[in-house]
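Accompanying notes for the structure given below.
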Amino acid sequence: MRIGAQVATELRGGEILALCGDLGAGKTHFVKGIVLGLGGEPQDVTSPTFTLVHEYQACRLPVFHFDFYRLEAESELRNIGWDDYLREDGVLLIEWAERFPDAFPKGTRFIQFEISSETERLLCFS
């Protein structure tokens, strides 16, 4: 959670962070850190696997937390209002972003999560 809180200090609004990695690699834990770093309650953060998006408004910036795991096709993004969210001034955090890489605008920061050990994760920012 610490690295997410550190990243949050750099956020000003309008950022899109595409979180890529296997199940259990730490994507949701990273989102908890972002929410904590923005002044929100990390215990409120859960993976939006079934709802597809969670909104956290009780932060310095609004956070829109997506999970693309259950989506079958990029065209389904229209059904969740993806284009509208891209125009928001908050922070978009997308788990399983690697499923639809073409859906992201220029300037999106991709973060690859890798499991190093049972207690350690490697994050690669691009």
Does region 36-46 contain any residue that is within 16 Å of ARG109 (Cα to Cα), buried (at least 20 other Cβ atoms within 10 Å of the Cβ) and of a type in the set (A, V, I, L, M)?
-> no
For region 1-18, how many residues meet the condition of being farther than 22 Å from GLU118 by Cβ, part of a loop (DSSP other than H, G, I, E, B) and either at pLDDT below 95 or not hydrophobic (A, V, I, L, M, F, W, C) (or both)?
-> 6
Please indicate, with yes or no, whether at least one residue in region 19-34 is on the phi < 0 side of the Ramachandran plot, surrounded by fewer than 17 Cβ atoms within 10 Å (Cβ to Cβ), part of a strand (DSSP E or B) and touching a strand residue (DSSP E or B) at 6+ places or on another chain (Cβ under 9 Å).
-> no
Note on PRO42: of the conditions (1) free of Cβ contacts under 8 Å to residues at least 60 places away in the same chain; (2) under 23 Å from GLU120 (Cα atoms); (3) under 10 Å from the mean Cα position of the chain (by Cα), unmet is (3)
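Residue-by-condition table, conditions (1) out of contact with any strand residue (DSSP E or B) (no Cβ under 6 Å at 6 or more places or on another chain); (2) modelled with pLDDT of 95 or more:
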site: LEU36; (1), (2): yes, yes
site: PRO42; (1), (2): yes, no
site: SER47; (1), (2): no, no
site: HIS54; (1), (2): no, yes
site: GLN57; (1), (2): yes, no
site: LEU61; (1), (2): no, yes
site: LEU71; (1), (2): yes, yes
For GLU98, indicate whether it is surrounded by fewer than 17 Cβ atoms within 10 Å (Cβ to Cβ), in contact with a His (Cβ under 8 Å, 6 or more places away or on another chain) and at pLDDT 95 or above.
-> no
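The values are calculated or read from the model by the stated rules, or taken from the named source; none is laboratory data. Source: prediction; values computed, not measured. Heads up, the Cβs are rebuilt from the backbone with ideal geometry, glycines too, and the neighbour counts pull from every protein chain shown.
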